Structure formats: C-alpha cells, structure tokens
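First comes the structure, then the notes that go with it.
The values are calculated or read from the model by the stated rules, or taken from the named source; none is laboratory data. Since the structure is predicted, the reported quantities are computational estimates derived from the model, not experimental observations. Here the Cβ is made from the backbone with ideal geometry for all residues, glycine too, and neighbour counts use every protein chain on show.
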C-alpha cells in the first residue's frame, strides 16, 4: 500500500504539494485536472522533473464533471482531453481515477431524482461503452483506471452501476466519506470485492459533511481501514488542507 495526498487549494504549484508530501513521508501526490495550476504545470511538462528531484509518484484525478453516460459529443471531448494529458504524462503517472458521475439531477420536494434512471438500460450501455474507451486509452500507456463512488443519497443507482462495472472487469476507488453520507450503501460491495479496489479515498465525515480530518467526524475509521487489502495500490488521505493532512497522517498510521 502506498499513502498519498490530494492536490491542495491553498497552493499554486504542484511542487508545493510535493514538498509537503515529502515532509509527511508520503509516497505520492494525486494530481487533479479540476485545478488550473495543476493543468498548467502538467502542460509545462514539470512532472518528470519533480519525479527525479523528489523521488515521488503521481496518480491523476480526472475532471469531476466528466459524465461518461452522456451523449457522444460530450464524451468525445473528455476522451480527447484524456488522450492529451496521457500523451504529456506518459510513463510518469500510475493511475487515473474517474467519478461515477450520476448525470443530470432534478430535485423534487427536496429529493434528488436521477434523470438517467428513466432510461437506465440505455444509459448503462453508454456508460460502460465509454468507460471502456477511457480504459483503452490508459491501457495503451500501462496506466491503471479506477471508478470512484460519489454521493447518491436516496438512490440504488450507484450499486446497480457497480454490479455492471464488476461484470465488465473495471476496478474501483472506494471513497469512504462519500459512502458514509450515503448510508454506506457500497460498504458490503467493497467488503465482498476487496481485490477489485485499487484505491481508497480516506477521510472522516458526518452525515452532512465529508473530507474532514481524521477523528474530526463520526465515522468508525478502523472499520474502513480493515477493508484495505494487501493488493490495494493507493490510499489518498483526502483532506483538503495542509493543517488537516499534518494532523491526519499519524492518526491513519495508528488505526
């Protein structure tokens, strides 16, 4: 298992994140295409230089809003961007993580309703087909792919998707805080399919808020750490400030 941190909002360069990672004795930094400074540093080809200078690894978080169940023109744009960044990063990245984006949502009387549920059979075929296109791109570079759970309150949408993904051979990232606020609907799936989880996003949460520093929420963190199998590649301590990271790393190690 390798332990890492996400790109932080408080910084303005990848190197600042790497310096903190080395101070905290972490193995890798999760780059994030949602951050403009991260995209700029990648496009300026600074990653290989940082790997040599700091002896650090990198993974990559794809755009949060990327919806691979959407129509062709939208998906084509994201596949183009994936190819663009993989061509730049080449041998300098180990894994790319994608959100399992639920697509358009209509809120009725305070309850979220997922539009894709009304055409689920067509949607899941599109989604799997397009995730396969993304995986083909990554396979060409020898890079791992994971699909991450996000918040799907009041819906069985997520579990249905994951069962289809499992049949198609996809691998997963278990975000424990996202699942906690969603009533742990994915916990049993993760427990029963440990070998198919290559990454964890690890943080504390309450029922209303996640990405809290460890032991600053209400989760039984040891229960989730026990899910981490010997084959797991990466764990991101996904708190969002240097202060919270500095506090959380020793707590994680002691769980």
* Scan segment 183-195 for residues that are buried (at least 19 other Cβ atoms within 10 Å of the Cβ) and assigned to a helix (DSSP H, G or I) and jot them down. => 189, 190
* Structure fact -> Of (1) within 24 Å of residue 130 (Cβ to Cβ); (2) free of Cβ contacts under 8 Å to residues at least 12 places away in the same chain, residue 55 fails just (1)
* **Among the residues listed as 26, 50, the single one being buried (at least 19 other Cβ atoms within 10 Å of the Cβ), over 20 Å from the mean Cα position of the chain (by Cα) and under 30 Å from residue 246 (Cα atoms)** => 50
* **Hits in segment 132-182 - residues which are touching a strand residue (DSSP E or B) at 6+ places or on another chain (Cβ under 9 Å) and in a loop (DSSP other than H, G, I, E, B)** => 143, 149, 150, 151, 152, 153, 154, 155, 170, 171
* **Residue that is nearest to residue 60 (Cα to Cα) [pool: residues in segment 198-229 that are within 19 Å of the chain's Cα centre (by Cα) and assigned to a loop (DSSP other than H, G, I, E, B)]** => 203
* Does any residue of segment 12-22 turn out to be within 20 Å of residue 233 (Cβ to Cβ) and within 15 Å of the chain's Cα centre (by Cα)? -> no
* To do: Give me a count of the residues in segment 93-109 that are in a strand (DSSP E or B) and closer than 25 Å to residue 174 by Cβ.
  => 6
* **Search result, residues across segment 107-159 that are modelled with pLDDT under 90 and touching a helix residue (DSSP H, G or I) at 6+ places or on another chain (Cβ under 8 Å)** => 114, 117, 150, 151, 152, 153, 155, 157, 159
* To do: Scan segment 17-33 and report the pairs whose first residue is on the phi < 0 side of the Ramachandran plot and modelled with pLDDT under 95 and whose second residue is surrounded by fewer than 23 Cβ atoms within 10 Å (Cβ to Cβ) and part of a helix (DSSP H, G or I), with Cβ atoms within less than 9 Å and a gap of 6+ or a chain change.
  => none
* To do: Determine the pairs where a residue that is over 10 Å from residue 127 (Cα atoms), located within segment 69-80, has a partner that is surrounded by 10 or more Cβ atoms within 10 Å (Cβ to Cβ) and modelled with pLDDT under 95 with Cβ atoms under 6 Å apart, the partner being 6 or more residues away or on another chain.
  => none
